[in-house]
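A short reminder: the numbers here are calculations on the coordinates, not readings from a lab. Here the structure is a predicted model, which means the values were calculated and not measured. Heads up, the Cβs are rebuilt from the backbone with ideal geometry, glycines too, and the neighbour counts pull from every protein chain shown.
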Amino acid sequence: MKPHDHEECCCSGGCSCHSHHDHHEGHGMQAWLPVLITALLFGGGLIAEHLFAQILPARILYALAYLPVGWPVWKHAWNGMRHGDWFNEFVLMALATVGAFCIGEFAEAVAVMLFYTIGEEFQERAVRQAQSHIDSLLDMKEQQVEVFRNGAWTHDLPEQIQVNETIRLHAGNQIPLDGILQSEKGRFNTAALTGESVPQSKHRGDALLAGMINEEHVIEMQVTHRYEDSARARILELVREARSRKSATELMIRRLARVYTPTVFVLALLIAVLPPLFLAEAQTTDWIYRALIFLVISCPCALVISIPLAYFSGIGAASRQGILFKGASFMDRFPHLKAIVFDKTGTLTYGDFTVLEAHLEAGAPDNALSMACSLEQLSSHPVAHAITEYGKKQHLTLLPAEQVREVAGKGLTGTVSGHTVEMGNAHLLTAHHLPIPEEVAQRIETVIYLLIDGTYAGYFLIADRIKEDAARTIQQLKRAGIGQTVMLSGDKQQLAEKVGKEIGIDRIYGDLLPEDKVKHIERIKAETQDEMAYVGDGINDTPSLALSSIGIAMGKNGSEAAIETADVILQTDHPERIVTALCISQATRRIVWQNIILALGVKLAVLLLGAFGVANMWEAVFADVGVALLAVLNSIRLLRMHFD
């Protein structure tokens with residue numbers, strides 16, 4: 001997204017407060033040059049008029065001073081009218097200043113346009129600052145990368161590196177591509193991706209993601225994804241998409257702008273025309289002046305700039321914490337949640353399973369354990385990883401597996417050494433009309449059953465660990481106003497209850513297939529009037545994530561399907577980030593309403609003062625520019641808040 005891409009979202013129909021920023025081709029002194037020229041000529045006019053009483057030279061200087069800042073506004077006003085947009089801030093400012101010239105208020109006409117332009121430049125600077133805060137999170141300079149090709153190390157751009165090539169990175173280098181560590185070990189700063197300040201230690205074979213920073217020594221890694229497919233590229237794309245998705249409050253302000261600005265024009269016209277017609281003592285120029293004040297103060301920029309900027313800043317603040325909102329609308333809904341539903345495995349528990357026991361039935365093939373581990377090695381599920389690691393520790397021979405596929409809610413099936421091998425939970429046995437073995441019927445740990453050619457051959461007893469911050473997360477959510485916490489699990493009800501009660505979950509449901517989870521989600525949505533969220537990480541969570549009011553994916557180890565379906569992505573595996581997301585969304589909404597109340601309150605007061613002849617045009621322009629700047633500064637305050 002380019003620096004001015006926020007323009008469309010700020011003003012559409014009725015106002016176009018930001019679209020004029022492109023008349024400054026560049027930043028710094030070049031952008032301020034028209035303001036500087038106008039200020040010098042304006043100062044000369046004031047000296048000529050008030051110190052030397054030279055009215056004609058003063059008015060010539062005022063007219064010249066008006067051109068550098070007035071011409072761009074007139075240009076945009078004309079372009080808007082050519083496209084049927086007769087009621088926008090450029091027309092409003094143009095009419096106000098021309099009206100001031102017509103009634104002899106030259107100095108005030110220039111002052112309105114000068115201070116209006118100064119205010120807009122400060123606002124543009126604030127927007128650029130918010131933009132740079134987000135871009136700097138994952139900024140990667142066009143660095144040359146050392147790559148091993150044709151028997152020698154050479155340099156190339158990250159975009160030119162191919163999958164399976166080996167690259168070398170020095171201490172302090174940012175990793176440009178996703179890959180696998182080939183060196184023995186290394187330490188990496190992951191703050192840009194996850195928001196975690198503590199560096200992570202990685203060992204040979206561990207995954208490295210684009211955006212991490214190598215903190216120690218020279219390392220080598222094998223590239224697994226092209227530049228455009230990297231984790232960093234996906235995050236940037238999600239943030240770009242988020243900026244274009246409007247919140248309900250933004251859409252309300254846009255609808256208001258379509259009515260507000262034409263209404264202001266009509267009221268200003270009535271103020272200028274009606275009193276001189278019906279009041280004998282009314283002075284026409286006096287009421288025209290009051291109407292011009294009304295036009296100046298009525299500019300809705302404070303609303304249409306600061307509100308999108310507040311959401312923009314909120315999304316940026318969340319990104320710094322490793323939280324990606326896929327749109328302002330989800331940030332807007334987050335503070336209203338009444339219930340949060342959690343998947344268990346990988347969300348509240350590590351999903352870092354360990355095999356406690358492996359049992360084979362009498363008569364099972366001698367290589368049954370090898371066949372089981374061979375099947376599971378092709379799955380990315382944490383349970384499958386635990387079984388595969390068990391096989392390696394037992395020095396079992398891993399055999400080729402074919403036609404491997406996942407059966408939703410049941411397990412895995414495939415062919416190993418000519419035998420049909422199936423592994424899964426109790427639903428797998430039920431599907432084959434087989435009884436649950438008595439020795440494991442009352443165990444609360446996870447049991448994975450093994451079937452070979454449709455015959456029960458044994459089981460694996462698996463244990464998981466609860467995440468350290470799981471209980472703390474539930475407590476903090478309840479203190480923050482979340483009325484209900486629910487846990488859904490495919491594990492046994494006894495195991496689910498053991499985990500849920502330990503961390504303080506209100507409602508616990510086990511023995512669930514994906515379709516059962518969907519039914520629970522539908523019921524909870526009805527109970528909460530569609531104000532609930534679901535947190536999950538696996539492909540089996542995709543239907544629940546899609547159905548829930550807000551889907552939250554644990555993105556660090558989450559499946560691609562879950563990440564694509566979710567509305568909010570946590571780049572860490574810490575559920576406590578949900579509390580952070582809630583705090584950021586609450587702060588964003590609070591600032592949005594502060595801006596609305598501030599802008600409408602000040603403008604209404606000055607509008608009334610101007611209509612009754614108490615406020616002058618100087619006060620009107622200072623009030624307009626001042627309230628807009630205060631609202632903008634209030635919005636970017638989000639980028640400096642701490643949510644740890």
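Using modelled backbone amide H atoms (1.01 Å from N, in-plane), which distant-in-sequence or interchain residues come within less than 5 Å of Thr420's amide H?
Here Asp453 satisfy the definition.
Report, in debye and to the nearest 20, how large the dipole of region 354-463 comes out about its Cα centre when Lys and Arg carry +1 and Asp and Glu carry -1 on their Cβ.
Working: 5 positive and 12 negative charges, 46 e Å.
Magnitude of the dipole: close to 220 debye.
Using Cα-Cα distances under 8 Å and only pairs 6 or more residues apart, what relative contact order does region 354-463 have, in percent?
Values: 196 pairs, mean separation 33.5, N = 110.
This gives 30 percent for region 354-463.
Report, by chain and number, residues whose modeled amide H sits under 5 Å from the one on Ile508, excluding near sequence neighbours (fewer than 5 apart, same chain).
Met487
Can you classify region 354-463 as rounded, prolate or oblate using the Cα gyration tensor, where a ≥ b ≥ c are the square roots of its eigenvalues, rounded means a/c under 1.5, and otherwise it's prolate if a/b beats b/c and oblate if not?
Numbers: a/c = 1.32, a/b = 1.17, b/c = 1.12.
Rounded is the answer for region 354-463, as its axis ratio a/c remains below 1.5.
Note the full-extension length gain between Val259 and Asp516 as 0.36 nm times their separation in residues minus their Cα-Cα distance, in nm to one decimal.
Numbers: separation 257, 0.36 × 257 = 92.52 nm, distance 4.75 nm.
Extending this stretch completely gives an extra 87.8 nm.
Listed here are the pairs Lys202/Lys392; Lys393/Lys517; Lys338/Lys492; which of them are more than 25 Å apart at the Cα? List each step's numbers first, then the result.
Details: Lys202/Lys392 20 Å; Lys393/Lys517 35 Å; Lys338/Lys492 27 Å.
From the list (Lys202/Lys392; Lys393/Lys517; Lys338/Lys492), the Cα-Cα distance tops 25 Å for Lys393/Lys517; Lys338/Lys492.
In debye, nearest 20, what is the charge dipole magnitude of region 559-633 about its Cα centre with +1 on Lys and Arg Cβ and -1 on Asp and Glu Cβ, if you could check? Numbers along the way, then the final one.
Numbers: 4 positive and 7 negative charges, 86 e Å.
For this selection, approximately 420 debye.
Magnitude of the Cβ-charge dipole of region 49-132, K/R +1 and D/E -1, about the Cα centre, nearest 20 debye? Don't skip to the end; give the middle numbers.
Values: 5 positive and 8 negative charges, 44 e Å.
It works out to roughly 220 debye.
Kindly write out, for region 182-188 in residue order, the coupling ³J(HN,Hα) from the Karplus curve 6.51 cos²θ - 1.76 cosθ + 1.60 (θ = phi - 60°), rounded to whole Hz, with x marking Gly and Pro.
Values, residue by residue: 9, 6, 4, 7, x, 10, 9 Hz.
Quick one: Karplus J couplings for region 105-116, per residue in order, coefficients 6.51, -1.76, 1.60, θ = phi - 60°, nearest Hz, x for Gly and Pro?
After applying 6.51 cos²θ - 1.76 cosθ + 1.60, I find 8, 5, 4, 5, 4, 5, 4, 4, 6, 5, 6, 4 Hz.
Search the structure for amide H atoms under 5 Å from the amide H of Val407, placed 1.01 Å from N in the peptide plane, and list their residues when 5 or more places away or on another chain.
Here the answer is Leu412, Thr413, since their amide H atoms fall under 5 Å of that of Val407.
Quick check on the exposure proxy: order Cys583, Cys299, Cys102 from fewest to most C-beta atoms within 10 angstrom.
Numbers: Cys583 21, Cys299 28, Cys102 12.
Ordered from fewest to most neighbouring Cβ atoms within 10 Å, Cys583, Cys299, Cys102 come out as Cys102, Cys583, Cys299.
If you average the alpha carbon positions of region 579-643 and of region 435-479, how far apart do those two centres end up, in angstrom?
First find each Cα centre; the distance between them is then 53 Å.
What is the P(r) of region 449-565, as percent of Cα-Cα pairs per 5 Å bin from 0?
Reading the bins upward from 0: 2, 11, 17, 21, 23, 14, 6, 4, 2, 1, 0.
Whole-Hz ³J(HN,Hα) for each residue in region 436-442, computed from phi via Karplus 6.51 cos²θ - 1.76 cosθ + 1.60 with θ = phi - 60°, x for glycine and proline: what do you get?
Working through the residues one at a time gives 6, x, 4, 5, 10, 4, 9 Hz.
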